[in-house]
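Notes for the one structure printed next.
The values are calculated or read from the model by the stated rules, or taken from the named source; none is laboratory data. None of these values were measured; they are calculated from a predicted model. Cβ placement follows ideal geometry from the backbone for every residue including glycine, while neighbour counts extend to all protein chains displayed.
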Amino acid sequence: MSLGGILPGRGANPVKLARKAVKQMDDQTMYRVLLAHADNEEGAVQLKHCILEQHGRIHSCHITDAGPALGVHVGPGGLVVGFAPYSRRNS
């Protein structure tokens, strides 16, 4: 799993974070993506749509709440993107 980026706090910009994460992904590789949010589900949904629009090889993209340990670091409203190459062997 690679960390695609973190945007802390209520000012987290989903479009900017999606752009940053997709830049780190290879165009020819299929990925699994996990998004976490700290009480910012609307931002996470927007982030998901932006990533899916910008990268054509996303196998799956899931949204989850940031747990307490991650949430304390990103703060209320923060967003996190993680991704890993998809392989049929580990599905």
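Some points to look at:
- Candidates in segment 22-54 are the residues that are small (Gly, Ala, Ser) and out of contact with any Pro (no Cβ under 7 Å at 6 or more places or on another chain); of these, the one that is surrounded by the most Cβ atoms within 10 Å (Cβ to Cβ) is ALA44.
- Extreme residue, farthest from the chain's Cα centre (by Cα), among residues of segment 15-35 that are of a type in the set (A, V, I, L, M) and farther than 24 Å from ARG88 by Cα: VAL15
- Of the numbered criteria (1) part of a helix (DSSP H, G or I); (2) aliphatic (A, V, I, L, M); (3) more than 10 Å from the chain's Cα centre (by Cα), the one ALA12 fails is (1).
Residue by residue, here is whether (1) assigned to a loop (DSSP other than H, G, I, E, B); (2) over 17 Å from ASN13 (Cα atoms); (3) of a type in the set (Ser, Thr, Tyr); (4) modelled with pLDDT of 95 or more holds:
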residue	(1), (2), (3), (4)
ASP27	yes, yes, no, no
ARG32	no, yes, no, yes
LEU35	no, no, no, yes
ALA44	no, no, no, yes
LEU47	no, no, no, yes
ILE51	no, no, no, yes
CYS61	no, yes, no, yes
THR64	no, yes, yes, yes
VAL72	no, yes, no, no
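- Looking across segment 55-85, the residues that are closer than 14 Å to TYR31 by Cβ, surrounded by fewer than 17 Cβ atoms within 10 Å (Cβ to Cβ) and free of Cβ contacts under 8 Å to residues at least 60 places away in the same chain come down to GLY56, ARG57, HIS59, SER60, HIS62, PRO85.
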